[in-house]
Amino acid sequence: GEGRVARQIERCASFLGVDLAEVPIRTCRRHFAGRPEFRFAVMEAEALALPDSSFDVVAMIDASEHIHGIDAALAEAARVIRPGGLFVVTSQNKDSLHLIVNRKLGYPEFLTNNQHFREFNVAELTAAIGALGFAVERRAGVVLYPYWEIPGVDEHMRKITDDDAEFAEIMSVLGERAGPEYAYTFMLAARKVA
């Protein structure tokens, strides 16, 4: 993306942000021009041009659902994280409250965004990264949108969701309270044990 994760990091010895597109990488390079510890590169998540066990932490935030070859990308994350290192990954939850409501109303299944290739529920993502040698240490709900894409409701709520900072904060608090099983977006933090 355009460096949202990087902007949240106050201090680090070395940071590498990757994206498939050149434009966001150029934006990040301009934004962090005075910070030589921050580097950015165009790279496919499914085939990282990086050495094995070269990172203490890998974060895949608001990205997993946008990667066509997510299984390969998760394997690449596992490859570049050193033993004992931390993997933080988020996903749009295919069992979020809004999709439960959608099913109960009899509407067909859908991905929560037309830019998504695949969404996980908590158990699926936990199993996927567990098979790569990670032990989940923390699970959390990030944000809750109980009406997202529900016909007759979503179109009335979207402006508030997109433009109202107070409402966004409330949805973040509710996402944490709903927990990873029901939040629209959930987060896993996992330690590489194998």
Original post:
Condition test on residue 105, is it surrounded by 20 or more Cβ atoms within 10 Å (Cβ to Cβ) and more than 16 Å from the chain's Cα centre (by Cα)?
Top reply: no
**OP:** Would you mind finding the one in 100, 81, 70 that is among the hydrophobic types (A, V, I, L, M, F, W, C), open to solvent by less than 60 Å² (accessible area, probe 1.4 Å), out of contact with any Asp or Glu (no Cβ under 9 Å at 6 or more places or on another chain) and in contact (Cβ under 8 Å) with a residue 12 or more places away in the chain?
**Re:** 100
Subject >> Boolean, residue 110 is open to solvent by 60 Å² or more (accessible area, probe 1.4 Å) and within 29 Å of residue 146 (Cβ to Cβ) >> reply: no
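With respect to residue 131, determine if the residue is open to solvent by 60 Å² or more (accessible area, probe 1.4 Å), over 20 Å from the mean Cα position of the chain (by Cα) and without any contact (Cβ under 8 Å) to a residue 12 or more places away in the chain.
On the way: open to solvent by 60 Å² or more (accessible area, probe 1.4 Å): yes; over 20 Å from the mean Cα position of the chain (by Cα): no; without any contact (Cβ under 8 Å) to a residue 12 or more places away in the chain: yes.
Answer is no for this residue.
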Original post:
How many of the residues in the range 70-106 are at pLDDT below 95 and farther than 23 Å from residue 141 by Cα?
Top reply: 2
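Tell me, which residue of the range 30-44 that is open to solvent by 60 Å² or more (accessible area, probe 1.4 Å) and more than 12 Å from residue 15 (Cβ to Cβ) is nearest to the chain's Cα centre (by Cα)?
Within the range 30-44, the subset open to solvent by 60 Å² or more (accessible area, probe 1.4 Å) is 30-31, 33-36, 39, 42, 44.
Those still in the list that are more than 12 Å from residue 15 (Cβ to Cβ) too: 30-31, 33-34, 42, 44.
Details: 30: 24, 31: 22, 33: 25, 34: 27, 42: 18, 44: 16 Å.
Of everything passing the filter in the range 30-44, 44 is nearest to the chain's Cα centre (by Cα).
Do we have residue 47 as open to solvent by 40 Å² or more (accessible area, probe 1.4 Å), within 23 Å of residue 2 (Cβ to Cβ) and small (Gly, Ala, Ser) here? Reasoning before the result, please.
Values: open to solvent by 40 Å² or more (accessible area, probe 1.4 Å): yes; within 23 Å of residue 2 (Cβ to Cβ): yes; small (Gly, Ala, Ser): yes.
So residue 47 fits the description; yes.
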**OP:** Could you grab the pairs with beta carbons closer than 8 Å, sequence gap of 6+ or different chains, first residue in the range 1-12 and open to solvent by 100 Å² or more (accessible area, probe 1.4 Å), second one assigned to a loop (DSSP other than H, G, I, E, B) and among the β-branched types (Val, Ile, Thr)?
**Re:** 4/61
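The values are calculated or read from the model by the stated rules, or taken from the named source; none is laboratory data. A quick note: this is a predicted structure, and the numbers were derived from the prediction, not measured. Here Cβ is always computed from backbone atoms with ideal geometry, including for glycine, and neighbour counts include all displayed protein chains. Note: accessible area is taken over every heavy atom of the protein model, side chains too, but ligands, DNA and RNA are not part of it. Shrake-Rupley method; radii C 1.70, N 1.55, O 1.52, S 1.80 Å.
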